[in-house]
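Visitor: Okay, here's the structure, questions in a sec.
The values are calculated or read from the model by the stated rules, or taken from the named source; none is laboratory data. Keep in mind it's a predicted model, so treat the numbers as computed, not measured. Positions of Cβ are backbone-derived with ideal geometry, glycine not excepted, and every protein chain shown enters the neighbour counts.
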């Protein structure tokens, strides 16, 4: 889904950007900014940090565009955005902020039968705003490495191989991080099931 | 009995570890059959599978978050684009300049000697003690414009940028000119190291300019 070789028009824009044409680069950025921003937002957790990471990433992308060697331009940009997010998170670690979710210990509690509503279509979240918020918190509770893999896979739809390429890690690492991340998000939801009342029927 | 309990526990764990791959259809047929057989037989793992699949579906259906404003790069933000890569290149040029100076010095010194300098002496030729003494004397003579080991850098570097001066001592490990290595002229070693350093710095510069971040 996420990868596609560049179209002729895109190739022309990339070539122009490589020779220093900022307008051409901004046109490329405009095409991908919503998807890139969504990635940054899910990794960083808030709009301010996501915007900072985006801005830094795009500047770095323009400066480093000579390093783009074909393939999916979106995947290349994604790599730069995730790098910018890593940098931003590292900076944030140096001035640690107390986070309740970070201290949160997953406890599934006793087995409770839940009736899970079928997840269908974009209207699923129309009446479940709180579920979307809870999922967002669940993503934020993940360790960075797992969070980034989860966002690239389950939010952006990249394949295992593409993620391995973007993050420059072995395929096995992608698989294990994703598996652990999904389990933790699931456990987070189960541990907060009281917040899901009305969203998920408990029986 | 405990052995079988343990086996069963291992099987649960084995299946749990593969549910994510199973969800993505990334298991080999044999593994897939094993997971499916276990899920049919084990209610706990079946429940775990159901909640995991639901969670991933819910994640995938999360509504997209659009960029709140256009993110464009302004010319002033990239006006000093070549700057970050410039340091390595400047250091490389400084090294190249130093190399030319040392080469020049070497040339002058070897032109001054009618007999080939110590570095030219074939290592295989046996030398008497007197000859060796003479060679060392010659070498000392050749080194005379350079007062001590450290200031060798001083010859070239004043022409270079100040940043390069700080870089050089770390990069170039020069054996003292008086080191007892008669078959190797310290000048040659210095030339070699400078060449190596310049090439290395240019490569670093290229790598940095092409790296996205």
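Visitor: I need the full set of residues from the range A:159-170 which are within 12 Å of chain B (Cβ to nearest Cβ) and either surrounded by 18 or more Cβ atoms within 10 Å (Cβ to Cβ) or not in a helix (DSSP H, G or I) (or both), in order please.
Guide: Residues satisfying the conditions are A:159, A:160, A:163, A:166, A:168.
Visitor: On to the next question. Select from the range A:58-79 the residues that are out of contact with any helix residue (DSSP H, G or I) (no Cβ under 6 Å at 6 or more places or on another chain), assigned to a helix (DSSP H, G or I) and facing chain B (nearest Cβ under 7 Å) and list them in ascending order.
Guide: Answer for the range A:58-79, where residues must be out of contact with any helix residue (DSSP H, G or I) (no Cβ under 6 Å at 6 or more places or on another chain), assigned to a helix (DSSP H, G or I) and facing chain B (nearest Cβ under 7 Å): just A:63.
Visitor: Please pick out the residue among B:7, B:21, B:59 that is in a helix (DSSP H, G or I), closer than 30 Å to residue A:51 by Cβ and free of Cβ contacts under 8 Å to residues at least 12 places away in the same chain.
Guide: Numbers: B:7 fails: closer than 30 Å to residue A:51 by Cβ; B:21 fails: closer than 30 Å to residue A:51 by Cβ.
None of the others qualify; the one that does is B:59.
Visitor: What about residue A:153, is it out of contact with any strand residue (DSSP E or B) (no Cβ under 9 Å at 6 or more places or on another chain) and either surrounded by fewer than 21 Cβ atoms within 10 Å (Cβ to Cβ) or in contact (Cβ under 8 Å) with a residue 40 or more places away in the chain (or both)? Before you say what the answer is, go through the steps one by one.
Guide: On the way: out of contact with any strand residue (DSSP E or B) (no Cβ under 9 Å at 6 or more places or on another chain): yes; either surrounded by fewer than 21 Cβ atoms within 10 Å (Cβ to Cβ) or in contact (Cβ under 8 Å) with a residue 40 or more places away in the chain (or both): no.
Against the criterion (out of contact with any strand residue (DSSP E or B) (no Cβ under 9 Å at 6 or more places or on another chain) and either surrounded by fewer than 21 Cβ atoms within 10 Å (Cβ to Cβ) or in contact (Cβ under 8 Å) with a residue 40 or more places away in the chain (or both)), residue A:153 does not qualify.
Visitor: Exactly one of (1) surrounded by 17 or more Cβ atoms within 10 Å (Cβ to Cβ); (2) in contact (Cβ under 8 Å) with a residue 12 or more places away in the chain; (3) more than 30 Å from residue A:131 (Cβ to Cβ) is unmet by residue B:73. Its number?
Guide: (2)
Visitor: Considering only the range A:11-29, how many residues are closer than 15 Å to residue A:75 by Cα and either surrounded by fewer than 16 Cβ atoms within 10 Å (Cβ to Cβ) or within 10 Å of another protein chain (Cβ to nearest Cβ) (or both)?
Guide: First, the residues of the range A:11-29 that are closer than 15 Å to residue A:75 by Cα: A:11, A:14, A:28-29.
Filter again for either surrounded by fewer than 16 Cβ atoms within 10 Å (Cβ to Cβ) or within 10 Å of another protein chain (Cβ to nearest Cβ) (or both), leaving A:11, A:29.
Qualifying residue count, the range A:11-29: 2.
Residue-by-condition table, conditions (1) exposed (fewer than 14 other Cβ atoms within 10 Å of the Cβ); (2) outside the structural domain of residue A:60 (by TED's automatic domain parsing); (3) at pLDDT 95 or above:
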{"residue": "A:83", "(1), (2), (3)": "no, no, yes"}
{"residue": "A:91", "(1), (2), (3)": "yes, no, no"}
{"residue": "A:105", "(1), (2), (3)": "yes, yes, no"}
{"residue": "A:116", "(1), (2), (3)": "no, yes, no"}
{"residue": "A:120", "(1), (2), (3)": "yes, yes, no"}
{"residue": "A:126", "(1), (2), (3)": "yes, yes, no"}
{"residue": "A:139", "(1), (2), (3)": "no, yes, yes"}
{"residue": "A:142", "(1), (2), (3)": "no, yes, yes"}
{"residue": "A:146", "(1), (2), (3)": "no, yes, yes"}
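Visitor: Do we find a residue being at the interface with chain B (Cβ under 7 Å from one of its Cβ atoms), surrounded by 23 or more Cβ atoms within 10 Å (Cβ to Cβ) and more than 12 Å from the chain's Cα centre (by Cα) anywhere in the range A:49-56?
Guide: yes
Visitor: Now for a different question. Tally the residues that are within 12 Å of chain B (Cβ to nearest Cβ), within 21 Å of residue A:84 (Cα to Cα) and not in a helix (DSSP H, G or I), restricting the search to the range A:126-146.
Guide: So the count comes out to 1.
Visitor: Keeping to the range B:1-13, report how many residues are within 29 Å of residue A:159 (Cβ to Cβ) and either crowded, with 18+ Cβ neighbours inside 10 Å or out of contact with any helix residue (DSSP H, G or I) (no Cβ under 8 Å at 6 or more places or on another chain) (or both).
Guide: The qualifying residues number 1.
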